[in-house]
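Take a look at the structure set out below.
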Ligand SMILES: Nc1ncnc2c1ncn2[C@@H]1O[C@H](COP(=O)(O)OP(=O)(O)OP(=O)(O)O)[C@@H](O)[C@H]1O
Ligand SMILES: [Mg+2]
């Protein structure tokens, strides 16, 4: 590994593929500890199809505002669960960010903001349509990223 502190931005949506991306990101970060410990930023955009998250938290027919907030808190908790666990177990510094812009745009914006060295992203995510190649978020990030992109296959 190069001798400077790397910033690794991993995009998470709570899918099995994004958990795999988190695993790779933490592994990448763990490669250099000593004088230049790397840092992982995990980002989740709240702009999602809520139907994709029914497995994590069923929606009640007419949720009150309080219920809806709680539902989001639980989803966010679950989305970052694997990242928190793996980072803790491997002694890797982790910062989690929840953003409220469209996913690809927000990932790219954050990559610029933190001057990320690499974006780690899954090839597909929680979408219901079975895709063989790339989901819409990973395709847009691959096209517009300001830095290298490490695509983790399903
Ligand atoms: N809301 C999100 N916030 C952060 N990262 C995301 C988000 N959605 C997707 N990603 C990242 O992009 C990867 C690919 O997901 P993507 O959404 O492109 O595929 P999909 O869900 O299968 O298809 P689509 O959403 O186009 O129906 C995920 O594994 C994850 O790394
Ligand atoms: Mg998706």
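A few points about this structure:
- Criterion (surrounded by 14 or more Cβ atoms within 10 Å (Cβ to Cβ) and within 22 Å of residue 154 (Cα to Cα)) met by exactly one of 94, 9, 110, 54: 9
- Of all residues making up region 79-133, the number that are under 13 Å from residue 18 (Cα atoms), free of Cβ contacts under 8 Å to residues at least 60 places away in the same chain and either within 16 Å of ligand 2 (Cβ to nearest atom) or in contact with a strand residue (DSSP E or B) (Cβ under 8 Å, 6 or more places away or on another chain) (or both): 0
- Elements of type helices (runs of 4 or more DSSP H) in region 40-154, at least 3 residues being near ligand 1 (Cβ under 9 Å from one of its atoms) and touching a helix residue (DSSP H, G or I) at 6+ places or on another chain (Cβ under 6 Å): 103-114, 136-144
- Residue in region 57-72 that is over 13 Å from the mean Cα position of the chain (by Cα) and touching a residue at least 40 places away in the same chain (Cβ under 8 Å) present: no
- Qualifying residue in region 44-51 (condition: away from ligand 2 (no atom under 16 Å from the Cβ), surrounded by fewer than 19 Cβ atoms within 10 Å (Cβ to Cβ), free of Cβ contacts under 8 Å to residues at least 60 places away in the same chain and within 28 Å of residue 130 (Cα to Cα)): no
Values in this text are rule-based calculations from the coordinates and carry no lab data. Since the model is a prediction, treat every value here as computed from it, not as a measurement. Here the Cβ is made from the backbone with ideal geometry for all residues, glycine too, and neighbour counts use every protein chain on show.
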